[in-house]
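Asker: Please read through the structure below; I'll follow up with questions.
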DNA sequence: GTCTATATTACGATAGAC
DNA sequence: GTCTATCGTAATATAGAC
């Protein structure tokens, strides 16, 4: 056994506090003073755990990116028909979004004012392109409509999925991850219109 | 006739510069120094035209909100079957988003750190609720699927529409407003799946 | 209307005691 | 690991000349 859980901060526990504040106020709208108040320790104590504000951002977006890229390595995302792989990836994106909600939220709001932010934006683009490639393959198979151009469709679908971070809150009796994922898959593939 | 167009700033022309910078760097990430560099005048000259940074924000989001609420007053949004009114509103939202792109972009990124931001968030919620009501009516008419809960569907559809500000750029030979609106209507109502 | 100069406050980060 | 005190910089905004 390790020693009993301590009352003090680690970079990891401090991160979870910081990410909440970043998401509430925006990264640029958050000062070290805000963070210290939220964490209940002084500003200088924060610097004992992390090098500064930007390191907290880097750790947070790294975690989000690892979650997303992890999807593409999963078995169901790598084998089978493109359309099925696409549906699997869409569903898993919703699950990762919700599972790592605060981290992915922060990632999706990054602007590009610092090196860390520009790096995050670049990796996000990589991920987007890989999913766009899946959609292109599904269209080539004739499994998805071709009257909407591929890049455009990808962007709109990503927009729908990513927007979940703007309202989903894991409030006890709220919606489950599964319910949201089902709804997204229904709407993305079937649309609002009633089935014949 | 009025006097010839002058070379100097008005609150309106200054606003168009400021909004661009706000969207590029984020509102909180933009200093008066950034604005003065972008406008080509000194910081203090900016204060001759507007009371401060927050006034620029207020003017910008007001314009965006006026555009959106204007939709709900249009004839086609007020008469006819709910499903048709809903489709009309969805299409017009895309058009207003693109027509007032920088202003709506800024509105959609507001966090709530100042009174102005909290006021903007409140009005946005009002608008969202009115569109959600339309969707509810269309569902009651049996014109849209009922296996996806109304609030959830509204949020996802808004997410898709609003995400347009993250990538649409009116670059000369890019997509037209009409093409984007068509694609959104196709996906929102019909989904990705190929029609039978 | 625009400028330079400056007041004042807030910020990120460090020094050094305990 | 946490604190108080503080440094140096950058922020919003104002004063007053031209």
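The values are calculated or read from the model by the stated rules, or taken from the named source; none is laboratory data. Here the structure is a predicted model, which means the values were calculated and not measured. Every residue, glycine among them, receives a Cβ derived from its backbone with ideal geometry; neighbour counts consider all protein chains shown.
Asker: I'm told residue B:170 meets every condition in (1) surrounded by fewer than 17 Cβ atoms within 10 Å (Cβ to Cβ); (2) over 24 Å from residue A:141 (Cβ atoms); (3) within 7 Å of chain A (Cβ to nearest Cβ) except one. Can you identify the failing condition by its number?
Answerer: (3)
Asker: Right, next: Tell me, which residue of the stretch A:21-36 that is more than 17 Å from residue A:116 (Cβ to Cβ) and near DNA strand C (Cβ under 10 Å from one of its atoms) is nearest to the other protein chains (Cβ to nearest Cβ)?
Answerer: A:25
Asker: Output the residues belonging to the stretch A:25-43 that are surrounded by 15 or more Cβ atoms within 10 Å (Cβ to Cβ) and under 29 Å from residue B:23 (Cα atoms).
Answerer: A:25, A:26, A:27, A:28, A:29, A:30, A:32, A:34, A:35, A:36, A:38 - these are the residues of the stretch A:25-43 that are surrounded by 15 or more Cβ atoms within 10 Å (Cβ to Cβ) and under 29 Å from residue B:23 (Cα atoms).
Conditions (1) within 20 Å of residue A:185 (Cα to Cα); (2) at pLDDT 95 or above; (3) buried (at least 20 other Cβ atoms within 10 Å of the Cβ), marked per residue:
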residue	(1), (2), (3)
A:56	no, yes, yes
A:61	no, yes, yes
A:66	no, yes, no
A:81	yes, yes, no
A:85	yes, yes, yes
A:130	yes, yes, no
A:147	yes, no, no
A:151	yes, no, no
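Asker: Out of (1) under 22 Å from the mean Cα position of the chain (by Cα); (2) within 8 Å of DNA strand C (Cβ to nearest atom), what's the single condition that is false for residue A:67?
Answerer: Evaluating residue A:67 over (1) under 22 Å from the mean Cα position of the chain (by Cα); (2) within 8 Å of DNA strand C (Cβ to nearest atom) leaves (2) as the failure.
Asker: Further, regarding this structure: Within the bounds of the stretch A:164-173, is there any residue that is out of contact with any strand residue (DSSP E or B) (no Cβ under 6 Å at 6 or more places or on another chain), assigned to a helix (DSSP H, G or I) and under 22 Å from residue B:145 (Cα atoms)?
Answerer: There is at least one residue in the stretch A:164-173 that is out of contact with any strand residue (DSSP E or B) (no Cβ under 6 Å at 6 or more places or on another chain), assigned to a helix (DSSP H, G or I) and under 22 Å from residue B:145 (Cα atoms).
Asker: Take residue A:46 and decide whether it is crowded, with 20+ Cβ neighbours inside 10 Å, more than 22 Å from residue A:186 (Cα to Cα) and within 14 Å of DNA strand D (Cβ to nearest atom).
Answerer: yes
Asker: Could you list, in sequence order, the residues of the stretch B:181-194 that are at the interface with another protein chain (Cβ under 7 Å from one of its Cβ atoms) and in a helix (DSSP H, G or I)?
Answerer: Within the stretch B:181-194, B:183, B:184, B:186, B:187, B:188, B:189, B:190 meet the criteria.
Asker: Checking the structure you have, find out if any residue of the stretch B:144-152 is farther than 19 Å from residue A:146 by Cβ, touching a residue at least 12 places away in the same chain (Cβ under 8 Å), outside any helix (DSSP H, G or I) and more than 8 Å from chain A (Cβ to nearest Cβ).
Answerer: Within the stretch B:144-152 (the criterion being farther than 19 Å from residue A:146 by Cβ, touching a residue at least 12 places away in the same chain (Cβ under 8 Å), outside any helix (DSSP H, G or I) and more than 8 Å from chain A (Cβ to nearest Cβ)), the answer is no, since none of the residues qualifies.
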